[in-house]
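J.: One structure is given below, represented as structure tokens, and several questions about it will come after.
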Amino acid sequence: GNINLNLNIVRLPYLLQDYILLHELCHLRHQDHGHAFHLLLEHVLTDDLMKLMSADVDISDTDRAMVKEIARKAAVSKARYPLDYTITRAIKRFTLV
């Protein structure tokens, strides 16, 4: 029931920080990376992206542009879990020490 996070995630853009937190919170319900875990993660990620794309949320223009780019790439992805795949690839572009 514990979640341990690397402090360096604060260096990531807001959307990627959010993804990591949501990913770990989904592990509280499903301890593995099975199909049920990914369905839950995709569901919460979709809700999160929709929230972040609304004008009501106060995020930087850079973060908002990233949200739109991730949503665009996920929409055309042929991956089984498109949001998870797209955001994971975005995270790999950053070096976390």
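Taken together, the values in this text are just the output of simple stated rules run on the coordinates, not laboratory data. Bear in mind the structure is a predicted one, so any value in this text is a computation, not a measurement. Note that we place each Cβ from the backbone using ideal geometry, even for glycine, and neighbour counts take in every protein chain shown.
J.: Going toward the positive end of the dipole of the chain, with +1 on Lys and Arg Cβ and -1 on Asp and Glu Cβ, which of I3, L96, L40 do you reach last?
T.: The residue sitting farthest along the positive end of the dipole is L96.
J.: Let me ask something additional. Work out, step by step, the length gained on full extension between D47 and L25: first 0.36 nm times the residue separation, then minus their alpha carbon distance; give nm to one decimal. Don't skip to the answer; put the middle values down first.
T.: Numbers: separation 22, 0.36 × 22 = 7.92 nm, distance 1.45 nm.
Separation in residues times 0.36 nm, less the Cα-Cα distance, equals 6.5 nm.
J.: Now for a different question. Which percent of Cα-Cα pairs in the chain sits in each 10 Å bin, short to long?
T.: 15, 48, 33, 4
J.: Separate question: About the Cα centre of the chain, how large is the charge dipole given +1 on each Lys and Arg Cβ and -1 on each Asp and Glu Cβ? Please answer in debye to the nearest 20. The partial results should precede the final answer.
T.: Working: 12 positive and 12 negative charges, 95 e Å.
Once rounded to the nearest 20, the dipole reads 460 debye.
J.: Something else about it: Which residue, L22, L52, L12, tops the fluctuation ranking in a GNM of the chain built on C-alpha contacts under 10 Å?
T.: Highest fluctuation of the listed residues: L12.
J.: Next up: For the stretch 1-58, just the Cα set please: Rg and Dmax, both in angstrom.
T.: Answer for the stretch 1-58, Rg first and Dmax second: 12.4, 35 Å.
J.: Separate question: What is the local net charge at I9, summed over the other residues whose Cβ is closer than 13 Å to its Cβ (Lys, Arg +1; Asp, Glu -1)?
T.: Details: positive: R11; negative: D18, E24.
Every neighbour counted, the sum reads -1.
J.: In whole Hz and in residue order, list the ³J(HN,Hα) couplings for the stretch 81-90 that follow from phi through the Karplus curve 6.51 cos²θ - 1.76 cosθ + 1.60, θ = phi - 60°; x for Gly and Pro.
T.: Listing the rounded values in order: 10, x, 5, 4, 4, 5, 6, 4, 5, 5 Hz.
J.: How much length is gained on full extension from V76 to T88, taking 0.36 nm per residue of separation minus their Cα-Cα distance?
T.: Details: separation 12, 0.36 × 12 = 4.32 nm, distance 1.56 nm.
Extra length available between V76 and T88 comes to 2.8 nm.
J.: Around D61, under 15 Å between beta carbons, what's the net of Lys plus Arg minus Asp minus Glu among the other residues?
T.: Working: positive: R64, K68; negative: D58, D63, E69.
So the surrounding residues net to -1.
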